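The values are calculated or read from the model by the stated rules, or taken from the named source; none is laboratory data. Treat the numbers as computed from the prediction; the structure is a model and nothing was measured. Methodologically, a virtual Cβ is constructed for each residue, glycine included, from the backbone with ideal geometry; neighbour enumeration extends over all protein chains shown.
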Amino acid sequence: MGKPLRQQRRGKGSLRYSSPGHKFLGKVKYKGRNLAEGTVIDIVHDPARYCPVAVVDFSENINNKIQKWRELLIAPKGLKVGDKINYGNEPKFGNILPVENIPEGTQICNIELTPFDGGKMCRAPGTFATVMGHEKNETSIMLTSKAIKKIPNKCRAMIGVVAGAGHRMKPFLKAGAKFHAMHTKGRYYPIVSGVSKSAVEHPFGGSTKPGKPTSVSRHAPPGAKVGSLSPKRTGKRK
């Protein structure tokens with residue numbers, strides 16, 4: 001009798017494949033309104049991500065009443081404790097404002113794809129986008145992959161480059177260190193290919209099945225549904 005596949009065990013919902021969300025700091029997104037000003041009180045590590053997170057205390061005067069709240073924001077490179085961050089103010093380092101108000105050639109990060117979604121793009125360490133030009137209702141930005149993307153003018157972004165770009169330069173000297181790093185974020189490690197397993201563990205395993213097709217029917221049972229699921233074509237493109 002064969003063993004359940006990895007995707008079958010993952011669907012069971014056991015602790016081995018669950019995300020340790022109780023260790024995470026929380027949602028890192030924009031919550032403030034225009035003209036709100038905040039102060040960076042700390043820069044911390046979040047187990048859910050590789051880049052540092054800035055803890056910012058905001059305050060705003062609304063109808064002669066001071067409202068205060070705290071936000072977790074992606075920390076750009078060069079941000080330090082005590083710096084000021086503004087919503088919708090002048091386009092300077094660390095500020096958050098609509099892309100229509102950001103000059104061309106400026107590097108931005110934590111970009112919204114739709115207005116007020118909190119930031120979805122360029123959030124990984126060392127990533128950024130460059131403002132290329134403004135149109136009537138859209139702004140063109142160039143990603144680090146040289147791809148050009150158009151987003152609505154009202155989408156907000158932070159000026160700067162995401163910090164923590166050098167974390168990939170440090171090697172994992174031991175397999176155990178890699179395991180614990182992946183386990184902290186709820187990811188499976190190590191990942192073994194199907195052809196390297198024995199026949200009892202995977203349909204592609206064992207040395208007695210050379211040349212087994214990697215395409216499988218959409219109506220195959222779960223224990224055999226591995227490889228290319230009902231592909232339109234296979235083989236190398238000429």
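Taking region 56-83 as the region of interest, how many residues are under 29 Å from residue 125 (Cβ atoms), assigned to a strand (DSSP E or B) and not β-branched (Val, Ile, Thr)?
Quick first cut of region 56-83, residues under 29 Å from residue 125 (Cβ atoms) only: 56-58, 69-83.
Right, trim to assigned to a strand (DSSP E or B) and you get 56-58, 69-74, 76.
Then keep just the ones that are not β-branched (Val, Ile, Thr); that gives 57-58, 69-73, 76.
Qualifying residue count for the region: 8.
Is it fair to say residue 35 is assigned to a loop (DSSP other than H, G, I, E, B) and loosely packed, with under 12 Cβ neighbours inside 10 Å? Write out each step before concluding.
Numbers: assigned to a loop (DSSP other than H, G, I, E, B): yes; loosely packed, with under 12 Cβ neighbours inside 10 Å: yes.
Answer is yes for this residue.
Just checking, how many residues over region 1-28 are among the hydrophobic types (A, V, I, L, M, F, W, C), more than 21 Å from residue 179 (Cβ to Cβ) and modelled with pLDDT under 85?
Qualifying residue count for the region: 1.
Answer yes or no as to whether residue 198 is exposed (fewer than 12 other Cβ atoms within 10 Å of the Cβ), assigned by TED's automatic domain parsing to the domain that holds residue 91 and part of a loop (DSSP other than H, G, I, E, B).
On the way: exposed (fewer than 12 other Cβ atoms within 10 Å of the Cβ): yes; assigned by TED's automatic domain parsing to the domain that holds residue 91: no; part of a loop (DSSP other than H, G, I, E, B): yes.
Taking the combined requirement at face value, the residue does not satisfy it.
Among the candidates 23, 77, which residue alone is farther than 30 Å from residue 199 by Cβ, crowded, with 17+ Cβ neighbours inside 10 Å, among the basic types (Lys, Arg) and under 24 Å from the mean Cα position of the chain (by Cα)?
77 is the lone residue from the list that is farther than 30 Å from residue 199 by Cβ, crowded, with 17+ Cβ neighbours inside 10 Å, among the basic types (Lys, Arg) and under 24 Å from the mean Cα position of the chain (by Cα).
Among the listed residues 203, 171, 190, identify the single one that is in contact with a helix residue (DSSP H, G or I) (Cβ under 7 Å, 6 or more places away or on another chain), at pLDDT 85 or above and assigned to a loop (DSSP other than H, G, I, E, B). Spell out how you get there, then give the answer.
Numbers: 171 fails: in contact with a helix residue (DSSP H, G or I) (Cβ under 7 Å, 6 or more places away or on another chain); 190 fails: in contact with a helix residue (DSSP H, G or I) (Cβ under 7 Å, 6 or more places away or on another chain).
None of the other options fit; the residue is 203.
So for region 154-175 (the condition being closer than 30 Å to residue 13 by Cα, free of Cβ contacts under 8 Å to residues at least 40 places away in the same chain and of a type in the set (Lys, Arg)), does at least one residue qualify? Before you say what the answer is, go through the steps one by one.
As a first pass, look at region 154-175 and keep what is closer than 30 Å to residue 13 by Cα: 172, 174-175.
Okay, now just the ones that are also free of Cβ contacts under 8 Å to residues at least 40 places away in the same chain, so 172, 174-175.
Retained after the next criterion (residues that are of a type in the set (Lys, Arg)): 174.
Yes - at least one qualifying residue is present in region 154-175.
Consider residue 37 carefully, then state whether it is among the acidic types (Asp, Glu) and either at positive phi or over 25 Å from the mean Cα position of the chain (by Cα) (or both).
On the way: among the acidic types (Asp, Glu): yes; either at positive phi or over 25 Å from the mean Cα position of the chain (by Cα) (or both): yes.
Yes; evaluated as a whole, the condition is true for this residue.
Tell me which residues, restricted to region 103-161, are acidic (Asp, Glu) and not in a loop (DSSP other than H, G, I, E, B). Before you say what the answer is, go through the steps one by one.
Going through region 103-161, the residues acidic (Asp, Glu) turn out to be 104, 112, 117, 135, 138.
Scanning region 103-161 gives a single hit, 138.
Per-residue answers, yes or no, for (1) modelled with pLDDT under 95; (2) surrounded by fewer than 18 Cβ atoms within 10 Å (Cβ to Cβ):
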position: 30; (1), (2): yes, no
position: 42; (1), (2): no, yes
position: 73; (1), (2): no, no
position: 133; (1), (2): yes, yes
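Pick from 115, 103: which is touching a Lys or Arg at 6+ places or on another chain (Cβ under 6 Å), of a type outside the set (A, V, I, L, M, F, W, C), surrounded by fewer than 19 Cβ atoms within 10 Å (Cβ to Cβ) and free of Cβ contacts under 8 Å to residues at least 60 places away in the same chain? Write out each step before concluding.
Details: 103 fails: touching a Lys or Arg at 6+ places or on another chain (Cβ under 6 Å).
Answer to the selection: 115.
So, in region 80-97, of the ones that are β-branched (Val, Ile, Thr) and more than 22 Å from the chain's Cα centre (by Cα), which residue ends up modelled with the lowest pLDDT? Spell out how you get there, then give the answer.
Of all residues in region 80-97, those β-branched (Val, Ile, Thr) come to 81, 85, 96.
After this cut, where a residue has to be more than 22 Å from the chain's Cα centre (by Cα) as well, the list is 81, 85.
Values: 81: 96, 85: 93.
Here the residue is 85.
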